[in-house]
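First up is the structure itself, then whatever we jot down about it.
FYI, it's all coordinate maths here, none of it is from the lab. Just so we're clear, the structure is a prediction, and the values are computed from it rather than from any experiment.
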Amino acid sequence: MQNGLSKMLKSAKKASKICFGGLPLVKNSERLHILITGTTGTGKTNMLNELLPQIRLHKDRAIIV
């Protein structure tokens with residue numbers, strides 16, 4: 001599923017440069033609000049640790065609360 005969705009977005013030129021867990025976001029959706037929620041130990045901090053270097057790499061800005 002993960003690989004198929006990624007290929008589908010890329011072939012339709014709708015894949016963002018920003019990925020979560022190897023899956024690209026839909027192009028231009030990265031500028032919308034994203035809510036990451038979960039109980040203790042579900043990987044919220046790991047998700048942010050994956051996201052922040054990508055934001056820096058593309059010289060984008062983010063507000064994280």
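Around the amide H of F20, modelled in the peptide plane, lie the amide H atoms of L25, all under 5 Å away and 5 or more residues distant in sequence or on another chain. What label, among (1) 17, 14, 12; (2) 21, 16, 10; (3) 25, 14, 9, belongs to semi-axes √(5λ) of the Cα gyration tensor in Å computed from the structure on display? Given (1) 17, 14, 12; (2) 21, 16, 10; (3) 25, 14, 9, the calculated one carries the label (2).
Taking each DSSP H run with n ≥ 4 as -39500 (n - 2.57) and averaging over every residue of the chain yields -11500 deg cm²/dmol at 222 nm.
Using C-alpha pairs under 8 Å with a sequence gap of at least 6, the mean separation divided by the residue count of segment 8-62 gives a relative contact order of 26 percent. Taking amide H positions as modeled 1.01 Å from N, with prolines and chain starts lacking one, no residue 5 or more places away or on another chain lies under 5 Å from A62.
Taking the longest Cα principal axis of the chain as reference, the axis of helix 44-57 is set at about 60 degrees.
Against the longest principal axis of the chain, how steep is helix 2-11, in degrees 0 to 90 to the nearest 10, with axes from Cα atoms? Between helix and principal axis, roughly 60 degrees.
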